[in-house]
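Scroll down for the structure; my scribbles are underneath it.
The values are calculated or read from the model by the stated rules, or taken from the named source; none is laboratory data. These figures come from a predicted structure and were not determined experimentally. Reconstructed Cβ throughout: ideal geometry from the backbone, glycine too, with neighbour counts over all protein chains shown.
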Amino acid sequence: MSQPARPPTDLAPLPRRGQRGLTLIELLMVLALLGLLTGLALPAFSALRERSGLAAIQNELLASLALARSEAIRSRRSVLVCPGDGEATGCRDDGLWHAGWMSFVDEDGNHRYDPGGDRLLEVHGPVQGLQLVSTAGRPRVRYTADGLSTGSNLSLRVCRRGEAVSAVVLNNSGRARVERDPRDLARLDCPR
């Protein structure tokens with residue numbers, strides 16, 4: 001009688017063909033490296049997001065002012081841009097623009113928004129994470145029929161955590177620009 005053949009015990013196991021996968025050590029190393037890279041990149045993404053939000057608000061303010069000025073020239077009427085509450089209910093007199101702003105053609109020249117008589121051009125909603133504060137004594141912008149901005153120069157300060165990070169400056173000729181120079185911004189007050 002023949003006995004069944006036994007496998008030899010002194011031979012090494014044969015490698016499996018097409019074996020794939022990661023060992024636990026390799027997986028932990030990849031996860032540690034991924035965590036390290038995420039920790040290094042997260043502050044950069046946060047700063048990028050803050051800069052993008054700031055640029056967006058500056059551009060929206062500039063666009064609102066340009067729209068109001070061009071409409072004043074086109075319609076040959078006064079156009080006002082003023083801080084509001086994010087809805088078309090009227091202008092605020094406190095110079096705080098971060099709750100929103102609005103622009104309208106002031107048909108009757110009373111410097112107030114009258115829903116039945118004035119033509120609404122734009123309503124901008126609240127701004128998140130920033131404060132927008134206008135120059136004391138000049139809470140709103142009024143463009144005359146020739147596109148001039150009457151009154152004194154206006155600075156709309158863009159503040160973050162109690163510090164001015166930029167300003168939209170409007171001169172009497174109606175031209176708006178963005179101020180980013182830290183030396184000039186250091187002179188501007190922001191609410192805390």
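Looking at region 23-47, I want the residues that are hydrophobic (A, V, I, L, M, F, W, C) and have a partner that is surrounded by 10 or more Cβ atoms within 10 Å (Cβ to Cβ) with Cβ atoms under 8 Å, at least 6 apart or on another chain. Which pairs are those?
Short answer, once both residue conditions are applied: 30/22.
All but one of (1) at pLDDT below 90; (2) of a type in the set (Gly, Ala, Ser); (3) within 18 Å of residue 190 (Cα to Cα) hold for residue 100; state the number of the condition that does not hold.
(1)
Which of (1) small (Gly, Ala, Ser); (2) assigned to a loop (DSSP other than H, G, I, E, B); (3) exposed (fewer than 14 other Cβ atoms within 10 Å of the Cβ); (4) over 15 Å from the mean Cα position of the chain (by Cα) is the odd one out, the single condition residue 41 does not satisfy?
Single failed check for residue 41: (2).
Could you please find all residues in region 134-156 being buried (at least 16 other Cβ atoms within 10 Å of the Cβ), hydrophobic (A, V, I, L, M, F, W, C) and either at pLDDT 90 or above or over 23 Å from residue 77 (Cα atoms) (or both)?
If the condition is that a residue be buried (at least 16 other Cβ atoms within 10 Å of the Cβ), hydrophobic (A, V, I, L, M, F, W, C) and either at pLDDT 90 or above or over 23 Å from residue 77 (Cα atoms) (or both), then 141, 148, 156 are the ones that fit.
Do you know which residues across region 108-131 are touching a strand residue (DSSP E or B) at 6+ places or on another chain (Cβ under 8 Å) and farther than 15 Å from residue 69 by Cα?
111, 113, 118, 123, 124, 129, 130, 131, listed by residue number.
I need the full set of residues from region 122-155 which are among the charged types (D, E, K, R) and in contact with a Gly (Cβ under 6 Å, 6 or more places away or on another chain), in order please.
Within region 122-155, just 138 meets the criteria.
How many residues are among the basic types (Lys, Arg) and either outside any strand (DSSP E or B) or crowded, with 20+ Cβ neighbours inside 10 Å (or both) when one looks only at region 109-119?
So the count comes out to 1.
Tally the residues that are among the polar types (S, T, N, Q), in contact with a Ser or Thr (Cβ under 9 Å, 6 or more places away or on another chain) and in a loop (DSSP other than H, G, I, E, B), restricting the search to region 120-173.
Total meeting the criteria: 9.
Take the residues in region 49-108 that are part of a loop (DSSP other than H, G, I, E, B) and of a type in the set (A, V, I, L, M, F, W, C); name whichever of them is surrounded by the fewest Cβ atoms within 10 Å (Cβ to Cβ).
Among residues in region 49-108 that are part of a loop (DSSP other than H, G, I, E, B) and of a type in the set (A, V, I, L, M, F, W, C), the one surrounded by the fewest Cβ atoms within 10 Å (Cβ to Cβ) is 88.
Tally the residues that are more than 18 Å from residue 51 (Cβ to Cβ) and either crowded, with 19+ Cβ neighbours inside 10 Å or of a type in the set (Phe, Trp, Tyr) (or both), restricting the search to region 157-187.
Summing the residues that are more than 18 Å from residue 51 (Cβ to Cβ) and either crowded, with 19+ Cβ neighbours inside 10 Å or of a type in the set (Phe, Trp, Tyr) (or both) in region 157-187 gives 3.
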